[in-house]
1. Looking at the stretch 13-49 only, could you name the residues that are under 23 Å from ALA95 (Cα atoms), part of a loop (DSSP other than H, G, I, E, B) and among the aliphatic types (A, V, I, L, M)?
2. For the stretch 50-86, name all the residues that are part of a loop (DSSP other than H, G, I, E, B) and touching a residue at least 24 places away in the same chain (Cβ under 8 Å).
3. Applying the selection to the stretch 19-37, what residues are open to solvent by 90 Å² or more (accessible area, probe 1.4 Å) and over 18 Å from the mean Cα position of the chain (by Cα)?
4. Kindly provide the set of residues from the stretch 87-119 that are aromatic (Phe, Trp, Tyr) and not in a helix (DSSP H, G or I), ordered by number.
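The values are calculated or read from the model by the stated rules, or taken from the named source; none is laboratory data. A quick note: this is a predicted structure, and the numbers were derived from the prediction, not measured. Note that each Cβ is placed from the backbone with ideal geometry, even for glycine, and that neighbours are counted across all protein chains shown. Accessible surface areas use protein heavy atoms only, side chains included; no ligands, DNA or RNA. Shrake-Rupley method; radii C 1.70, N 1.55, O 1.52, S 1.80 Å.
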Amino acid sequence: MTTYQEINAASRSHRTTAKVRYTAKTHTSGGRRGGVSRSDDGRLDVKFSAPGVPGTGTNPEQLFAAGWSACFISAMGVVANKMKVRLPADAAIDAEIDLCNSGDVYFLRARLSVSLPAWNAKSPKPS
């Protein structure tokens, strides 16, 4: 058995059946410098510009930051409901996505900064 097969066999032994809730579908052409991306339902239709370069479009890192932070707030709401607490209406997330490189390798690095002002206002102050 190869290492790849061993890893996959091990992961399958602990895996539960996943139910696909939604599949996002887009068609992208042209890449980050002047490219476009459209969703199959037509609700997303964006033009791309590279970061720091003049242009009318957004860049993929901004879309990733917006999408991930929106999903994260929703996930916090699900967890809050399970804990029988209410997520404050003013909950917000500041997302930062870094496009990095090390030699010839490019990668993304992310930071999510969660803000829950209504909860913070109700928290007991340290004495």
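1. ALA24, LEU44
2. PRO51, ASN59
3. Across the stretch 19-37, the qualifying residues are LYS19, HIS27, ARG33.
4. The initial filter retains those residues of the stretch 87-119 that are aromatic (Phe, Trp, Tyr), namely 106-107, 119.
Residues satisfying the conditions are TYR106, PHE107.
Okay, residues lined up against (1) in contact with a Phe, Trp or Tyr (Cβ under 9 Å, 6 or more places away or on another chain); (2) surrounded by fewer than 15 Cβ atoms within 10 Å (Cβ to Cβ); (3) over 19 Å from ARG111 (Cβ atoms):
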| residue | (1), (2), (3) |
| --- | --- |
| SER39 | no, yes, yes |
| LEU44 | no, yes, yes |
| PHE48 | no, no, yes |
| PRO51 | no, yes, no |
| PHE64 | no, no, no |
| ALA70 | no, yes, no |
| MET83 | no, yes, yes |
| ASP94 | no, yes, no |
| CYS100 | yes, yes, no |
